[in-house]
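Okay, structure first, notes after.
The values are calculated or read from the model by the stated rules, or taken from the named source; none is laboratory data. Remember, it's a predicted structure, so these values are computed and weren't measured experimentally. Cβ placement follows ideal geometry from the backbone for every residue including glycine, while neighbour counts extend to all protein chains displayed. Please note that ligands, DNA and RNA were not included when accessible areas were found on the heavy atoms of the full protein model with its side chains. Shrake-Rupley method; radii C 1.70, N 1.55, O 1.52, S 1.80 Å.
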Amino acid sequence: MLDSVFHRQSALFRGTFAACVISALVLIWAHRFLPISDYPDWIYEGPVVAELLHGKAPTSYTFKHYPVPYAGIVALLGVLDFAFPPEVSGKVALSLCIMLLALSSTYLLTSLRRDADNPLLLIPLLFLFNTFFFMGELAYVLGLSLFFFYCGYLFRRIYRSEPINWWFVTGASIALFFCHFMPYAIAILVTVTLCLTESRIGLLRPFAISFAPSMGLTIWYAIERWFLKASGPVWEFWTVHQIAGRLLAAFCLFPEFLPWVGIHAPGMKAFALLNLFVAIVLIFVVPLCVVFWATGRTGNRGVLACAVACAFAVIATGYEFTGMLSPGERFIYPAVWIGLCWLIGAWIPREGSLASRGLTVVLIGLLACQILFLQINVGVASNGLAALYSKLRSANSRTEFCAIYETYVQQSWGKPHRTGFDLLLTNQPSAPRLPYYLYLEEKVEAPIFQIGILSYKGPGDNEDLCKSQ
């Protein structure tokens, strides 16, 4: 796999790749309290899974009796907890997410040209710490990595007329389903689009057979959700503000410094403007591919069709679908990454050209600035979270605990012009989940997310940890 990822890549790319991954791992392991919104909940659920497998968990927690997407990250943490303390398991899981995303992105982008020495290969390295990561959507990040591996494999087999391992396709589809439903759905969209565009209709039947087990799991899951009468509109279209916010957040190099947030710290407005510029450039990757195709770069049309289909799905799936918030947002990275893959396959920019050398310098400069920025500001945020944790831990009563907790939440949650260390990295504060560290330490039963493999029947609400329990 590593040979396939780094086949004939330049020493400059390999060195940059290694620097980005090592820096990310240092950041993850150097701080106990990472400003990742939902992460404390996930590391709390890991021991619950391990205890359930041992038959020792409290009766408030049970495994769901039907297959559930979003199960992968919690199941992984539960397995890791057999060997490591929960917080170490969490660090291992975060490290795996980062390394798999880096490897899978490079694997996808080199699908059409394994010998590519193209500066576009550096772009995914800018988004190892993306908005989804800082929001704690680790199930999606893990599923996205598997999707990139699947796409890279599919493109290689289709365009090199090599035999497809149908057992691999079956396994990949099941793994994608259990990681996150959206990468699984995007994999189906890409597979059908590629086969139809490249006139490989004969492959649709074996693909359908290979996807049949995961489709069966999907139908089972859909029926269970139907009986549960999940809330939420069937479909809700984007507002201009919603889609602009999601697109800008997805392409934030210096996370979530959006222009309208109102940042008063020195230099923050400059970072916001830089984010805005980068976001605009990357939003136009797929339209740029279409322009080059229209001017005569007509090769690999199936890959281009996949990028266009994913870009269209960003709009078409809308802001909410059957209770799932912002499904269209999950198509953004697949659309742009597949578009970058097509550009590299079309020799754009041309190797050795002035544009190629200039873009390489710009991207390496941005990576260096981002590494420094994150190392400094994650440390600041971690120290702030540690101070808040100490206050919560030293509270002498439930009343005092909730007074400290609710004061901070009111000052930070949803305030467009708020200040505080949580603003340094994300529009969504990481503090509301911080008490899970205490619950884990003191072995206190607590409410959890209900979207994964675990059900919770006890008192309380994980959206407001100081509600009556």
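Laid out as a table, the results:
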quantity	calculated
Residue match in segment 243-265 (condition: open to solvent by 80 Å² or more (accessible area, probe 1.4 Å), aromatic (F, W, Y) and either modelled with pLDDT of 85 or more or under 30 Å from R156 (Cβ atoms) (or both))	no
Condition check for L366: modelled with pLDDT of 90 or more and open to solvent by 20 Å² or more (accessible area, probe 1.4 Å)	yes
Residue match in segment 24-42 (condition: on the phi > 0 side of the Ramachandran plot and at pLDDT below 90)	no
Residue that is farthest from R156 (Cα to Cα) [pool: residues in segment 324-333 that are surrounded by 14 or more Cβ atoms within 10 Å (Cβ to Cβ) and not charged (D, E, K, R)]	M324
L274 being within 21 Å of S105 (Cα to Cα), at pLDDT below 90 and outside any loop (DSSP other than H, G, I, E, B)	no
Yes/no for I404 being part of a helix (DSSP H, G or I) and either within 18 Å of N130 (Cβ to Cβ) or out of contact with any Lys or Arg (no Cβ under 6 Å at 6 or more places or on another chain) (or both)	no
Within segment 44-66, tally of residues that are more than 28 Å from S214 (Cβ to Cβ), part of a helix (DSSP H, G or I) and either of a type in the set (A, V, I, L, M, F, W, C) or open to solvent by 30 Å² or more (accessible area, probe 1.4 Å) (or both)	2
Every residue from segment 67-94 that is open to solvent by 10 Å² or more (accessible area, probe 1.4 Å) and polar (S, T, N, Q)	none
Test: residue in segment 234-242 that is within 30 Å of A272 (Cβ to Cβ), hydroxyl-bearing (S, T, Y), surrounded by fewer than 21 Cβ atoms within 10 Å (Cβ to Cβ) and touching a residue at least 24 places away in the same chain (Cβ under 8 Å)	yes
Members of segment 297-319 that are surrounded by fewer than 24 Cβ atoms within 10 Å (Cβ to Cβ) and touching a Ser or Thr at 6+ places or on another chain (Cβ under 7 Å)	R301, G302, A305, A309, Y319
Members of segment 140-155 found to be open to solvent by 10 Å² or more (accessible area, probe 1.4 Å) and of a type outside the set (F, W, Y), listed by number	L142, L146
Top-ranked residue in segment 102-121 [being among the hydrophobic types (A, V, I, L, M, F, W, C) and open to solvent by 10 Å² or more (accessible area, probe 1.4 Å); ranked as modelled with the lowest pLDDT]	L112
Which listed residue is among the small types (G, A, S) and open to solvent by 70 Å² or more (accessible area, probe 1.4 Å), from S199, S214	S199
Cβ-Cβ under 6 Å pairs, at least 6 apart or on other chains, segment 277-306 side assigned to a helix (DSSP H, G or I), far side open to solvent by 60 Å² or more (accessible area, probe 1.4 Å)	L304/W293
Residues being polar (S, T, N, Q) and outside any helix (DSSP H, G or I) - total across segment 325-361	2
Scan of segment 85-98 for residues that are part of a helix (DSSP H, G or I) and more than 16 Å from V378 (Cβ to Cβ), ordered by number	P86, E87, V88, S89, V92, A93, L96
